[in-house]
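Read-outs throughout are calculated quantities, based only on the coordinates presented, and are distinct from any laboratory measurement. Since the model is a prediction, treat every value here as computed from it, not as a measurement. As a convention, Cβ positions derive from the backbone with ideal geometry for all residues, glycine included, and neighbour counts pool all protein chains shown.
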Amino acid sequence: MADKEHIDSFLKENLGNWEVDAPPDAWLAISKGISASASAASTAAGTAVTKSVLLPFAKITAALLGIGITSFALVTYFSDSTPIEKENNQPLKTEEVLIPETESRSESKSTAEPTEPARTYVKKSSSSTKTGLVSLNSTNPEPDLGKSAKPENGGAAGIHDEIQTKKPEPILNTSKNQVDKESEDTKEEEGSENQSGGQFDEPKPIIHTAFSPDGDGVNDELVLEMPPLSFFRMRIFSLKGQLVFETDKPNQFWKGQIGQSGLPAETGNYRFILDYQVKGFEKVRSQTGLIFLAR
Amino acid sequence: MNKQIDEEIVQACLRNEAKAQKALYDFFSRTMFAVCLRYCNTHEDAMDVLQEGFIKVFTRLNQFSGKGSLEGWMKRVFINTALEHYRVNKVYQEQSDVEMANDNPVDGYVLEKISQKEIFELLNQLAPGYRTVLNLYAIEGYNHAEIAEMLGISEGTSKSQLSRARSLFAQAYAKRNNIKQGGR
């Protein structure tokens, strides 16, 4: 016994596989705890799901929107020439605002007239939208779009190119805006969750440990002041171990009677065991102590 | 030596099936409660840690890598839960062992039958810091570096506490045997 290894192996042999029956009511508390934390986890998972579903969804809608507009532009271009001129004026007008250079503005004005250059412009712009959409439909659309459009914009060789690259941008921006909005929403949700979840200390119950159930209307009940709870159980025992009171309702107070019999409990000390779980907290807590009953 | 639980039960627990969770609890609760008792000062604390530990086990089961045994992983969860429970009180740093100071020297003698519970009680009457180090080193088999990290103490402290804990345990054991022999 004196040498070190002997002590270590002695302990390991004897206590390494030691087993003790767990208290019988432990499982109840644990299962409550699991379901409480599982529901918390499922709400978290819910936000994750909305995130993961909505983000691609926004991308897809953006892509579909883009395709719609392209096909609309293509159809309008390839259909009869007379209505095209009118139809095309509309998108061009919006572009006038976007284009910063005065040169291009004059150019777009000229395109407003039903002339040859106007036609080539429309054609090019629609085709460029198409290429933009191809990249949009490819593997990772969301970040690519803005980038792929903008460098072209900066290195614009000619006025037509300038206009071309401008055209897809509104589409891309809307898609980006949608995505941004989405991520902001989820961020807000996460933020509020963090606030409700972790930042505050768990409130503690207040137990008034002495009372006088003499019917004088003053301090006749054993009053507990509990925070909002998801689980509650109060048991009161006499010091001999007899269960005198049990409840699972936080607002049901002991009036100093023994069980259902209605017999008055004697003056003296009683032991209470209070199990509770505060709403929004994981842990089922157990508190015990003495109550003094005076008649 | 470790108990093996059916893989299907573990999988069902991962799907949060209540029956499987109960089965896993029934399978391991006795072992884990013993672990809790060894690391806790009181029975009430051990019950708290048992609850907290099992809730952790079920909510973090997906983090179990599958390396090593599930039982080993669970033990670690429970040990860490228990240590966390006392971390606030800083019980591991300062020790007092006045009550053990004047004991008879330890004689070498043959180990006689002694129940696990009695050994546990001997171990449990050591000051918490000694008990914990002895538990971690002798029974769980952690090394001093690991123990130092787990308890937030230096390796030197871990070593000195271990040797002190061993001699205190040996004294307590001898004392118990002397009393028993004297009583016969």
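Return the FRET efficiency for the residue pair residue B:178, residue A:240: r is the Cβ-Cβ distance, R0 is 41 Å, and the value is rounded to the nearest 0.05. Before the final figure, lay out each step's value.
Working: r = 37 Å, r/R0 = 0.89.
The pair residue B:178/residue A:240 has a calculated efficiency of 0.65.
Length gained on full extension, residue B:159 to residue B:76, computed as 0.36 nm times the residue gap minus the Cα-Cα distance: 27.8 nm. The calculated FRET efficiency for the pair residue B:84 and residue A:219, based on their C-beta separation and a Förster distance of 35 Å, comes to about 0.35.
Using the structure shown, select from A:255/B:56; A:12/A:240; A:283/B:19; A:240/A:283; A:249/B:19; A:279/B:22 the pairs with a Cα to Cα distance greater than 32 angstrom. Cα-Cα > 32 Å for A:255/B:56; A:12/A:240; rest within.
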